[in-house]
Structure formats: C-alpha cells, structure tokens
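These notes are about the structure you will find just below.
Throughout, read-outs are computed from the coordinates displayed, never taken from laboratory work. The model shown is predicted, which means the values in this text are computed figures rather than measured ones. Heads up, the Cβs are rebuilt from the backbone with ideal geometry, glycines too, and the neighbour counts pull from every protein chain shown.
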Amino acid sequence: MARPVTVRRVQLRDFRNYERARLDLAAGVTVISGPNGAGKTNLLEAIYFGLTGRSCRTSNEREMVRHGGSVTRVALETEDEAGAHLLEAGFEPGETKRLRVDGALVEGLANSTARPLVSVFMPERLELVRGAPSARRAHLDQLVTALWPGRAPTRASYARALAQRNALLARVRAGIVAAELLDPWDAELARHGAQLMSDREQAVAAIAESFAARARELGLPQSAEVTYRRRSRATDGEGLRAELEARRATDLARGFSGHGPHRDDLALSHDGRPLRAFGSQGQQRVALLALLLAERDALAEIDRSPLMLLDDVMSELDSERRERLGALLGEGGQVVVTATDAERVPVSSLGALATELLA
C-alpha cells in the first residue's frame, strides 16, 4: 500500500487577515478553534490555495491579499513515501500567478504527485446541494478524474467538441454553411459524450452505498440517495449520435446544443424527494458531508484519500451526531476542522492536534 501524501506544515504571508502565520498539521485530525473573526476559515482557504493555486471561496483572488499587502504567498511542506516536498503559491494582483513544486516553476498543481487531493466543506459549498446543476456536474467530473486520472481528457474533449458544434450551429442558422457539416461533429460529440456518461455512472456507483450509509449515520431520518440523472437514453455513441440528429432542428432554432451530458445532473435525495428543493439547511449540510465522506471512502480504496478541510462543521449537529462525525473523521486520512469552541469537537476520540486562535 502506497503511503499517502500529507501536509505537515503551512506558512503564509499577507493572506487575508494574516501578516504572517505558521501552522503544523497532524497526520490525522487537526482542530483549529477560536472566536468568529479570528481567521479560521482563512487558514483553510490558504491551505486550499497552496494545494490548488486557486481560492475555494471567491473568484476575485485580489480578496486573498491582506489589506496593506501587495503579494500573498502560501508555502506547504508535504511528505510522501519518497520524502519531503515544498509547494509554493504566490499571487500579486495584475501579475501571473507563481506556482512552484520543490523550487521548480509549474503551470499548475493539479497533476503534481507532491500534493494530496483536497476536499472542502464550507457554508458556501451548500450551493453544491441547492444550486444549479452545473456545479454538481463539475464536482462529479472532478471525482471521475480523482478516481481515474487517465480519464481526465474525456471531459476536455467533450467540451471542445461541444464548442465546435455550437459554433457550427450558429453558422448554419445564419445560412453560411450547410447543415450536413454538422454530421461529423455530431459523431465526435457523441463519441466523447457516451464515454463521459459511462465515467460518471461508474463514479456515482462507487459512492452510492457509502453516501446512503454516511447520511444515515449523520442523522438523516429517511433513506438518502445519490444518483446520476442523465438526459440521454443512449447506451453507446451511435445511440447518442442518433439523438443529436433527431434534435438538430430544435438546436438550430435555439442556436445551441440542448441535449447531451452537458445538461445532466447529480441528484441528491432524501426520502425520495430532491434535497435541492425540499431539504432543510440542516439536511443539506448533512448531505454535503455525507457526499464528501463517501468520496473519501471511494478514494481510500485506491490509496488516494484526500485532505479534508471542514469549516464549522459541528455547529448544527447534536452531541450524538458530533461524536459520530468525530469517529468517522478519525477512521483515516488527514483532516483539518475548525470550530468556535474546541469542546464541540470530540478531540479526545480523535487523538487530534488542537490549535487555538486568538481574536
């Protein structure tokens, strides 16, 4: 069994409310406690930025730079069976982001073996449960890539074919070219689309049983289910191509491709009802937690357990559910969890490293 990559130390400069900070992480669970406004969430965001080169909270990355600072920098010391590594992410507004692995500049961190996968629970991420399908599709595609890195090109190939078909639809609609020119792009889109749907179905199958169990353990009273809701009934590329051809007139009238896996959804339900529409905020929180834990279960089977970053995860759970969640978190993998009150996190049962922040 391969030794998983762990984050041993985090150092940041001019990040959010921090001028400088250093944090050591346990190989298991690290608990960060402190009052609201102390910067707990900012620390989790900094770890995420150091591992991915992007924020998990905002698309305006200027917000990460401390007021009065000009450049933000996060350095992570990681460790695997090959030894120690250093990941560095720097951002200066208006300049190209600078990412390094062991001192060498890299274009991105996603394919680096010197970093662990990372999973995030924050209140803002409830949009994954209650928001638009596009976020859930993207999340599902990320799970596919995490489980089977070699399948990552399928999603990119589908996106390119979709863009080409949409551009050609516009030209046909304008009378510039003949509709028959869509035939090869229908075939290309269908070929990649059939594979994409298959990959997604396999990923959902890998987490479905665990999702139901984790949701039940964390307090959802009725059965919970995660399913891949696809629009196409096709079982292969030829079937999807036929569906696209049958809908060509509609696509030309609208000016875009209205059928295919780019319109599918990852459905989360409780007692047969969609949590997106009918779940309370508490139920949606539990569902998101159950989803992330189920994904960790699936990834653990292939020795790729992610680092879990959990912000204020205990606040809406009763004592029994907090104990159960604590036990689940302690089952394996590296976790960083924040809380306003350390006593609300079952530290003793986790053998956690606890850090208290002052306001």
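Things to note:
- If only the Cβ of Lys and Arg carry +1 and only the Cβ of Asp and Glu carry -1, the dipole of the range 134-266 around its Cα centre is close to 400 debye.
- For the pair residue 60 and residue 19 in one chain, pulling the backbone fully straight at 0.36 nm per residue adds 12.8 nm over the alpha carbon distance.
- Counting other Cβ atoms within 10 Å as a rough exposure proxy, the listed residues 98, 57 run 98, 57 from fewest neighbours to most.
- DSSP bridge orientation in the chain - percent antiparallel, rounded to nearest 5: 70 percent
- Evaluated on the chain, the Kirkwood hydrodynamic radius is 22.1 Å, with distances taken between all distinct Cα atoms.
- Per-selection Kirkwood Rh - the range 1-145 (Cα, Å, 1 d.p.): 16.2 Å
- Inter-centroid distance (Cα atoms) of the range 280-316 relative to the range 195-237, Å: 15 Å
- Relative contact order of the chain, defined on C-alpha pairs under 8 angstrom at six or more residues apart (%): 25 percent
- Along the range 91-96 the Karplus relation, 6.51 cos²θ - 1.76 cosθ + 1.60 evaluated at θ = phi - 60°, assigns HN-Hα couplings of 9, 10, x, x, 10, 5 Hz to successive residues, with x for each Gly and Pro.
- Degrees between helix 152-173 axis and first principal axis of the chain (Cα, 0 to 90, nearest 10): 40 degrees
- Cβ-Cβ FRET estimate between residue 139 and residue 171, R0 fixed at 30 Å, reported to 0.05: 0.35
- Summarising the amide proton neighbourhood of residue 121: residues at separation of 5 or more, or on other chains, whose placed amide H is nearer than 5 Å comprise 309, 310, 311.
- Helix axis angle, 281-300 relative to the chain longest principal axis, alpha carbon, degrees: 90 degrees
- Debye log10 I(q)/I(0) at q = 0.09, 0.11, 0.14, 0.21 Å⁻¹ for the range 134-266, Cα point scatterers: -0.32, -0.45, -0.66, -1.18
- Cut-off under 5 Å, modelled amide H: who pairs with residue 9 long-range: 25, 77
- Cα-centre dipole for the chain with unit charges at Cβ (Lys and Arg positive, Asp and Glu negative), debye to 20: 960 debye
- Spin-label pair residue 81-residue 321: with each label point 7 Å from Cα along the Cα-Cβ axis, the two points sit 3.9 nm from one another.
- Compared with the dominant principal axis of the Cα atoms in the chain, helix 182-217 is inclined by about 40°.
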